[in-house]
Amino acid sequence: MIKNGRFFTAPQKTDENFKQLFARLAAAGVGRPVDSEGYADGPWTPESLAEAISAIDGNREGVELRSVQVWFQDNDNGISDANIRWLARVFGCSDPEAASAWQAELKAAKERLAKERREKKRRQTSLPGSANGVEVELERNREDGRTFFEGKQRPRVETADATKEIRSRTETPVRGFSEKSDVLHSDSNGLGGYQSAHVRNERDEVRDTSIQPPKLRRKLQISAHLEALFADPVTPSAVVWFWLTGILFLASVLGVLSVTYMTPDGTNKQVGYIWSPSWVIHDLVLLPFFLMTVSRTINFWKTDARKAFLNDGRRSPHEGWLEKVSSLSILLWLAIAISVFFVFLLQWVGGYLIPILRNELGNTAVSWPIIILARPEIMSVGAALALSGTYILFAALVFFFLNAGFVFLYAVWSDFSDLFKRNSSMIRADDAAKMRFVGVRLVENIFLGTILALWISTSIKLYAMYLSVSSKDILTWLYTDLIQVFENSEQHKNIIVGYSLSQFSTIIFTSVIVGVFLYIYFSAKALLHDGDGFSERYPKTYAPWSKWLIVVVLLLVNYLSVGQVRGFSLLLLLSIVVTAYCVLTHRGRNFDIDQRHHGNRPAKQ
């Protein structure tokens, strides 16, 4: 039976204990994705099951790999009620009714296992002299699958026909376990499967090094949640548009949508919000387009393309993907830290908070969030702080979306590169051609994300440079620069009226995106470009390597020239035309890896 695209089996009300029931379900692959013929794509492994449970929405703490490994082992260890809930959702294929039925079935199987264990324990303790007259009472916690216990030593008074237990008032805490783990260790000395905490801790340090799990819980918490966010084609863009609407409303209430001030040379300069190309170009159009490009690339790779690399589609295409993302969690944390501390705190405190509180403009260029420094009658100090704080916080969010987006684009390429190298010597030529086609399409989508990000950076710098000169509005400034190319005179030269911190923050971001693209570009060209030794094994897949590199270099030069050289507006127009051509001819809009591609078009059958 197939439910929600996964292999499903209804509970059958058997008398199996938890270990027997779990082994049967894991071997059958219940809850795993199905292949084209409707069969489960393989049995569960501890790693794949831990990944599936950790990726469930609402499971903030995840599950330790060690706990899942214990479920697969033939021992007397149980499972916690919390993990039964998540396991039932996996076996129930995310269907509420099916998950509820499996939760009841797993709970009953757990109780049967506990009952069998108590019977076994009773038989063992009925023997004379068992455990040297000492028992560590941990049965209840062991049934619940928990590993942070309070053991209670029970001295035994043994008679000829029975063993009477006298409870001690002394409680011995047993240490050395994770609270979220379902692991219970056993020894070989016959003490009911337990040993002293001191001895066990020393042995754990040696014995468990071979099964130490990757830090699934903490790494997957941040990486899995962010991966789910960026894989959603709607939510990130909706967040951007929602925040943008709030800023527009606040700017409208405070009267700074269109506002001017007098520069030192007597120019009535327009610095209103609606005159800023940043909100029109990148907030409304480019940033959502970039986020959708990232989302489409992630979903195509992890859902459709990865299965071509995983044992001919027999394994889950999600296997290993979250581990790859979690390995880059340090980069995601770095993006968060830079956005919070550099973009938000440093820029807001240095460029807005301190000047507003001191009522000193200094060398800061006047913009609509700090128009109070040039025209105090427009708004109060509190309103200026609120407006500037909201604006800079949004700028930090944009900076994070852009940098984290490139982290995920790099994760896609890195995962592809690893799987391609691992499988290149074990696949047929047709499959190799398909894999190379996937690689070229991934690079093309990364190229599209790069040019969109470069334009976002350029639009931010464009407005920052406009704020620094004395031109009355941004259109006049661009027109003045354009006619200087043909008039070759200095009569239209603008004076500098201040500096914007956005000029410096865009340098960091531009360096990141260009660096990531160049790394992917050269590694992809070395990996996918056909050489003499591979022309027969890997059919030619056309990739415009030169075009991609030339366009990125052109947009980088365009970014660097904005406001710095005379006639930069001419290069700006050329870059707009080239970018429009690249977007309109972008081949990555439609992914189809089920056909044999040799070049730009599917091969004729």
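Do we find that residue 102 is aromatic (Phe, Trp, Tyr), crowded, with 19+ Cβ neighbours inside 10 Å and in contact (Cβ under 8 Å) with a residue 40 or more places away in the chain in this structure?
On the way: aromatic (Phe, Trp, Tyr): yes; crowded, with 19+ Cβ neighbours inside 10 Å: yes; in contact (Cβ under 8 Å) with a residue 40 or more places away in the chain: yes.
Here the answer is yes, as residue 102 does meet what is asked.
Please state which of the following conditions residue 227 fails to meet, knowing it meets all the rest: (1) surrounded by fewer than 17 Cβ atoms within 10 Å (Cβ to Cβ); (2) closer than 23 Å to residue 415 by Cβ; (3) of a type in the set (Asp, Glu).
Only one criterion in (1) surrounded by fewer than 17 Cβ atoms within 10 Å (Cβ to Cβ); (2) closer than 23 Å to residue 415 by Cβ; (3) of a type in the set (Asp, Glu) is unmet by residue 227, namely (1).
Is it the case, given these coordinates, that residue 409 is buried (at least 23 other Cβ atoms within 10 Å of the Cβ) and of a type outside the set (Asp, Glu)? Even if it seems obvious, please write down each step before you answer.
Numbers: buried (at least 23 other Cβ atoms within 10 Å of the Cβ): yes; of a type outside the set (Asp, Glu): yes.
Taking the combined requirement at face value, the residue satisfies it.
Answer yes or no as to whether residue 97 is out of contact with any strand residue (DSSP E or B) (no Cβ under 6 Å at 6 or more places or on another chain) and part of a helix (DSSP H, G or I).
Working: out of contact with any strand residue (DSSP E or B) (no Cβ under 6 Å at 6 or more places or on another chain): yes; part of a helix (DSSP H, G or I): yes.
Here the answer is yes, as residue 97 does meet what is asked.
Looking only at region 361-373, which residues are in a helix (DSSP H, G or I) and either among the aromatic types (Phe, Trp, Tyr) or under 36 Å from the mean Cα position of the chain (by Cα) (or both)? Please lay out each step first, then the result.
As a first pass, look at region 361-373 and keep what is in a helix (DSSP H, G or I): 368-373.
If the condition is that a residue be in a helix (DSSP H, G or I) and either among the aromatic types (Phe, Trp, Tyr) or under 36 Å from the mean Cα position of the chain (by Cα) (or both), then 368, 369, 370 are the ones that fit.
Answer yes if at least one residue in region 78-90 is within 18 Å of residue 106 (Cβ to Cβ), modelled with pLDDT under 85 and among the small types (Gly, Ala, Ser), and no otherwise.
If we filter region 78-90 for residues that are within 18 Å of residue 106 (Cβ to Cβ), which is where we start, we get 78-90.
Narrowing further to those that are modelled with pLDDT under 85: 78, 81-82.
Those left that are additionally among the small types (Gly, Ala, Ser): 78, 82.
Yes.
Would you be able to tell me the number of residues in region 340-360 that are in a helix (DSSP H, G or I) and open to solvent by 50 Å² or more (accessible area, probe 1.4 Å)? Give the derivation first.
Taking region 340-360 as the starting set, the residues that turn out to be in a helix (DSSP H, G or I) are 340-358.
Still in the list and also open to solvent by 50 Å² or more (accessible area, probe 1.4 Å): 340-342, 345-346, 348-349, 354, 357-358.
Total meeting the criteria: 10.
Taking residue 472, is it within 30 Å of residue 573 (Cβ to Cβ), among the basic types (Lys, Arg) and open to solvent by 20 Å² or more (accessible area, probe 1.4 Å)?
Details: within 30 Å of residue 573 (Cβ to Cβ): yes; among the basic types (Lys, Arg): yes; open to solvent by 20 Å² or more (accessible area, probe 1.4 Å): yes.
In short, yes.
Would region 313-325 turn up any residue that is within 26 Å of residue 457 (Cβ to Cβ), open to solvent by 10 Å² or more (accessible area, probe 1.4 Å) and part of a helix (DSSP H, G or I)?
no
Considering only residues of region 54-75 that are aliphatic (A, V, I, L, M) and farther than 11 Å from residue 225 by Cα, which is modelled with the highest pLDDT? Break it down into steps so the answer makes sense when it comes.
Going through region 54-75, the residues aliphatic (A, V, I, L, M) turn out to be 55-56, 63, 65, 68, 70.
Narrowing further to those that are farther than 11 Å from residue 225 by Cα: 63, 65, 68, 70.
On the way: 63: 80, 65: 80, 68: 87, 70: 84.
Filtering first and then ranking leaves 68.
Look through region 244-276, keep the residues that are in a helix (DSSP H, G or I) and either in contact with a Gly (Cβ under 6 Å, 6 or more places away or on another chain) or polar (S, T, N, Q) (or both), and return whichever of them is surrounded by the most Cβ atoms within 10 Å (Cβ to Cβ).
So, considering only residues that are in a helix (DSSP H, G or I) and either in contact with a Gly (Cβ under 6 Å, 6 or more places away or on another chain) or polar (S, T, N, Q) (or both), the one surrounded by the most Cβ atoms within 10 Å (Cβ to Cβ) is 252.
So which of 279, 241 ends up being open to solvent by 70 Å² or more (accessible area, probe 1.4 Å) and touching a residue at least 24 places away in the same chain (Cβ under 8 Å)?
Details: 279 fails: open to solvent by 70 Å² or more (accessible area, probe 1.4 Å).
After ruling out the rest, the residue left standing is 241.
Of everything in region 34-57 that's out of contact with any helix residue (DSSP H, G or I) (no Cβ under 9 Å at 6 or more places or on another chain) and part of a loop (DSSP other than H, G, I, E, B), which residue is least open to solvent (accessible area, probe 1.4 Å)? Working first, answer last.
Here is the first cut: in region 34-57, the residues out of contact with any helix residue (DSSP H, G or I) (no Cβ under 9 Å at 6 or more places or on another chain) are 34, 37-39, 48.
Within this subset, residues satisfying the condition of being part of a loop (DSSP other than H, G, I, E, B) are 37-39.
Numbers: 37: 133, 38: 23, 39: 146 Å².
For region 34-57, the residue satisfying everything is 38.
Go through region 58-74 and give me each residue that's open to solvent by 60 Å² or more (accessible area, probe 1.4 Å) and either free of Cβ contacts under 8 Å to residues at least 24 places away in the same chain or within 18 Å of residue 88 (Cβ to Cβ) (or both). Spell out how you get there, then give the answer.
Pass one, region 58-74, residues open to solvent by 60 Å² or more (accessible area, probe 1.4 Å): 60-61, 72-74.
Of everything in region 58-74, those that are open to solvent by 60 Å² or more (accessible area, probe 1.4 Å) and either free of Cβ contacts under 8 Å to residues at least 24 places away in the same chain or within 18 Å of residue 88 (Cβ to Cβ) (or both) turn out to be 60, 61, 72, 73.
Can you go through 285, 240, 259, 280 and tell me which one is of a type outside the set (D, E, K, R), touching a strand residue (DSSP E or B) at 6+ places or on another chain (Cβ under 9 Å) and within 23 Å of residue 503 (Cα to Cα)? Before the answer, list the steps.
Details: 285 fails: touching a strand residue (DSSP E or B) at 6+ places or on another chain (Cβ under 9 Å); 240 fails: touching a strand residue (DSSP E or B) at 6+ places or on another chain (Cβ under 9 Å); 280 fails: touching a strand residue (DSSP E or B) at 6+ places or on another chain (Cβ under 9 Å).
It is 259.
Please identify the pairs in which a residue from region 325-348 that is closer than 14 Å to residue 400 by Cα and touching a residue at least 40 places away in the same chain (Cβ under 8 Å) has its Cβ atom under 6 Å from the Cβ atom of a residue that is in a helix (DSSP H, G or I) and open to solvent by 50 Å² or more (accessible area, probe 1.4 Å), counting only partners at least 6 apart or on another chain.
What qualifies is 329/219; 344/393.
Only one of 515, 563 is at pLDDT 80 or above and not in a helix (DSSP H, G or I); which? Reasoning before the result, please.
Details: 515 fails: not in a helix (DSSP H, G or I).
Exactly one of 515, 563 is at pLDDT 80 or above and not in a helix (DSSP H, G or I), namely 563.
Could you check how many residues of region 361-381 are open to solvent by 50 Å² or more (accessible area, probe 1.4 Å) and under 24 Å from residue 245 (Cα atoms)? Walk me through how you get there before you give the answer.
Narrowing region 361-381 to residues open to solvent by 50 Å² or more (accessible area, probe 1.4 Å): 361-363, 375-377, 380-381.
If we keep only those that are under 24 Å from residue 245 (Cα atoms) as well, we get 380-381.
Within region 361-381, residues that are open to solvent by 50 Å² or more (accessible area, probe 1.4 Å) and under 24 Å from residue 245 (Cα atoms) number 2.
Rundown of residues vs (1) hydroxyl-bearing (Ser, Thr, Tyr); (2) crowded, with 23+ Cβ neighbours inside 10 Å; (3) at pLDDT 90 or above, yes/no style:
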site: 419; (1), (2), (3): no, no, no
site: 423; (1), (2), (3): no, no, no
site: 440; (1), (2), (3): no, no, no
site: 450; (1), (2), (3): yes, yes, yes
site: 454; (1), (2), (3): no, yes, yes
site: 465; (1), (2), (3): no, no, no
site: 468; (1), (2), (3): yes, no, no
site: 487; (1), (2), (3): no, no, no
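The values are calculated or read from the model by the stated rules, or taken from the named source; none is laboratory data. All values reported here derive from a predicted model rather than from experimental measurement. Using ideal geometry, Cβ is built from the backbone for each residue, glycine included, and neighbour counts are taken over all protein chains shown. Ligands, DNA and RNA are excluded from the accessible area calculation, which covers all protein heavy atoms including side chains. Shrake-Rupley method; radii C 1.70, N 1.55, O 1.52, S 1.80 Å.
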